[in-house]
Amino acid sequence: MAGLIQPVLLMRAGERHFAAAIADQATSQLHQLVYYYEEEGLTAEQVREILEQEGMAGLPYYKVKCGYDFPGQSLLSMSGYRQDEASHWKQPGMLLITEQLPEWQLYNIYPVPAELHTVLCSRFPSIEYRNQFSAGLKQLDAARSGGSIQLDIRHADFTLWAAREGRLLLSHSSEYQAPDDIIYYLLRICRQFELSQEDVQLNISGLIDRD
């Protein structure tokens, strides 16, 4: 990492994918980027091996951040949420994490493989982690009068959020076979919530193959 002033390690981990990047926060320079996809799923041990073989483990980072991208999250109203209700979402081998979304008055409760979380926290004690679903909501321009759609694309599925004038209209995840499937959902949402294709703001992010 010679020449980097404030090296930051950014990771994104899901059931079948893992991505990691090293960037310089001071200059916004990208130093290294890797992306792995395994149809049968990636284990915590495989993620550890990826970090080792790519030379990303054990380096003196300024910050380390990880976005968890596992299915099964639930959005609950802050006004009606009780801590003891979280036990209903517990799964064997999974750690249940609760995040507050005060701008939406919601809690996001989501599962993460306990072994993976242990591996990352042991390797990077100062790691900051967040659910990608929460991150997507954070990026929505909810106050926009013409509406805002945040689209996050993965290898075989996608998640999108729609908002207008301070109100969350929709959060939806689905698998897709071809890019036309995603376009269909976008047009369907515009029709359903009377969002003008000319006025709505569309932001796209995610892990996308060039082909």
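Quick note: the coordinates plus some simple rules give every number you see, no bench work behind them. Values in this document were obtained by computation on a predicted structure and should not be read as measured data. Every residue, glycine as well, gets a Cβ built from its backbone with ideal geometry; the counts of neighbours run over all protein chains shown.
Here are some notes:
- When both bridge partners sit in the chain, DSSP labels roughly 70% of those beta bridges antiparallel.
- Backbone HN-Hα couplings from phi across the range 42-50 [Karplus 6.51/-1.76/1.60, Hz, Gly and Pro as x]: 9, 8, 4, 5, 5, 5, 4, 5, 4
- Debye log10 I(q)/I(0) for the range 1-54, one point scatterer per Cα, at q = 0.24, 0.25, 0.28 Å⁻¹: -0.88, -0.92, -1.05
- Estimated 222 nm signal from helices in the chain, with DSSP H stretches of n ≥ 4 weighted -39500 (n - 2.57), rounded to 500: -6000 deg cm²/dmol
- Stretching Cys121 away from Leu76 to a fully extended chain increases their span by 13.5 nm, per 0.36 nm per residue minus the current alpha-carbon distance.
- Of the chymotrypsin sites (Phe, Trp or Tyr not before Pro) found in the range 31-138, none is in coil by DSSP with at most 12 other Cβ atoms within 10 Å of its Cβ.
- Calculated from the alpha-carbon coordinates, the range 140-206 shows an Rg and a Dmax of 11.3, 33 Å respectively.
- Answer label for Rg and Dmax of the Cα atoms in Å (calculated), chosen among [x] 34.8, 139; [y] 18.2, 67; [z] 18.2, 52: [z]
- Within the range 140-206, DSSP assigns beta bridges of which about 70% are antiparallel (rounded to the nearest 5).
- Centre-to-centre, using Cα atoms only, the range 142-173 and the range 114-136 are separated by 24 Å.
- In this label model, Ala143 and Lys65 are separated by 2.2 nm, measuring between points 7 Å along each Cα→Cβ vector.
- Residue-by-residue Karplus 3J(HN,Hα) for the range 192-199, coefficients 6.51, -1.76, 1.60, Hz, glycine and proline x: 4, 10, 6, 9, 6, 5, 7, 9
- Using alpha carbons only, the radius of gyration of the range 127-170 set against its Kirkwood radius gives Rg/Rh = 1.04.
- Between Tyr37 and Ser196, the modelled label-to-label distance comes to 3.6 nm, taking each label 7 Å out from Cα in the direction of the beta carbon.
- Evaluating 6.51 cos²θ - 1.76 cosθ + 1.60 at θ = phi - 60° for every residue in the range 91-102, the Karplus couplings come out as 10, x, x, 10, 9, 9, 10, 10, 10, 8, 10, x Hz, glycine and proline recorded as x.
- Here is the tail figure for the range 56-180: Cα pairs spaced more than 21 Å apart come to 50 percent of all pairs.
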